[in-house]
Amino acid sequence: MNIFDVIKQRRAIKHYDADHELTDHELRTLLSAAALAPTSFNMQNRHFVAVVDQKQKDQLQAAAWGQEHVRDASVVVVITGDLKAYRRTDRYLRNAPPAVREQFEPLIAQFYEGNDSLLRDEACRSVGMAAMNLMLAAQGLGHESCPMIGFDPAQVSKVVGLDEDHPPLMLVVVGKGTKPAWPRLGLLNLEELVSIDRFGGDSMSGEIES
């Protein structure tokens, strides 16, 4: 399927076939696609908890204020930030040329150490890009998905055993949809979204191609 078709067809689906299961190969393909999303300095500052056990999904449903698609989807992927990833350069630079390691390691420490807001922002960026990869991969495999921020982070952390350095920043459910998405609520035009060279300057005209 053409990547632009995948992007246009992806919608947030809220109703799933509770009996549908992903194969191990499908789950591996989805998580591999998510893991290929870029991160600053190659930190890979996110962790994926793929929940397929029904009892675990039921507990996550309660932590997500009873939303049924958490219970019925084939998998609920809890995507966490890793707020201390920047310290473990031996982990994510292990295959880098020595010259790159010598250059990156002091830069990383200087850039992130003691800057909690930047670490949180960086984790949110990494999780967001990984989530988009995951959803587009699901669409490409013929499945549906839905990104979620409607949950109690403390309860989700308790259900899947997260520590304080791994906040749950997003849930993504994937499965076999049983109802189509609502019609789009409306997209802003390009001139409302785009500036060329300078904010508020020249723009483009026309509707988003959807």
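Bear in mind these aren't lab numbers, they're just calculated from the coordinates by the rules spelled out. None of these values were measured; they are calculated from a predicted model. Positions of Cβ are generated from backbone atoms using ideal geometry, with glycine treated the same way; all protein chains shown enter the neighbour counts.
Hey, if you put +1 on the Cβ of every Lys and Arg and -1 on every Asp and Glu Cβ in the chain, which of Val51, Phe199, Ser40 ends up farthest toward the positive end of that dipole?
Val51
Go through 1-11, 62-72 and give me the packing order, highest mean Cβ count within 10 Å leading.
Ranked by mean Cβ neighbours within 10 Å, highest first: 62-72, 1-11.
Could you list, in their original order, any pairs among Lys8/Lys179; Lys55/Lys158; Lys57/Lys176; Lys14/Lys176; Lys14/Lys158; Lys55/Lys179 whose Cα atoms are separated by more than 20 Å?
Lys14/Lys158; Lys55/Lys179
Estimate the FRET efficiency between Ile7 and Glu105 by the formula 1/(1 + (r/R0)^6), using the beta-carbon distance for r and 22 Å for R0, to the nearest 0.05. Walk me through the intermediate numbers first.
Values: r = 37 Å, r/R0 = 1.67.
Computed FRET efficiency for Ile7 and Glu105 comes out at 0.05.
I'd like the antiparallel share, as a percent to the nearest 5, of DSSP beta bridges with both residues in the chain.
Looking only at bridges with both residues in the chain, the antiparallel portion is about 95 percent.
Which distance in nm do the two modelled labels at Ser32 and Glu68 give, with both placed 7 Å along the Cα-to-Cβ direction?
The modelled label-to-label distance comes out at 3.5 nm.
Mind checking the dipole of the chain: about its Cα centre, +1 per Lys or Arg Cβ, -1 per Asp or Glu Cβ, Debye to the nearest 20?
For this selection, approximately 280 debye.
Using only helices, what value at 222 nm comes out for the chain when you add -39,500 (n - 2.57) per DSSP H run of length 4 or more and divide by the total residues, to the nearest 500 deg cm²/dmol? Let's see the in-between values first.
On the way: 9 runs with 90 residues, N = 210.
Computed mean residue ellipticity for the chain: -12500 deg cm²/dmol.
What size of dipole, in debye to the nearest 20, comes out for the range 109-154 about its Cα centre when the only charges are +1 on Lys and Arg C-beta atoms and -1 on Asp and Glu C-beta atoms?
Once rounded to the nearest 20, the dipole reads 140 debye.
Tell me which of Leu27, Ser145, Gly177 sits at the most positive position along the dipole axis of the chain, charges placed on C-beta atoms (Lys, Arg +1; Asp, Glu -1).
It is Leu27.
To the nearest 0.05, what FRET efficiency results for Leu190 and Ser117 with a Förster distance of 35 Å applied to their C-beta separation? List each step's numbers first, then the result.
On the way: r = 32 Å, r/R0 = 0.92.
That gives a FRET efficiency of 0.65.
Sorted by mean Cβ packing within 10 Å, highest first, what order do the peptides 143-154, 121-132, 195-206 take?
Numbers: 143-154: 18.3, 121-132: 20.0, 195-206: 8.7.
Highest mean packing first, the order is 121-132, 143-154, 195-206.
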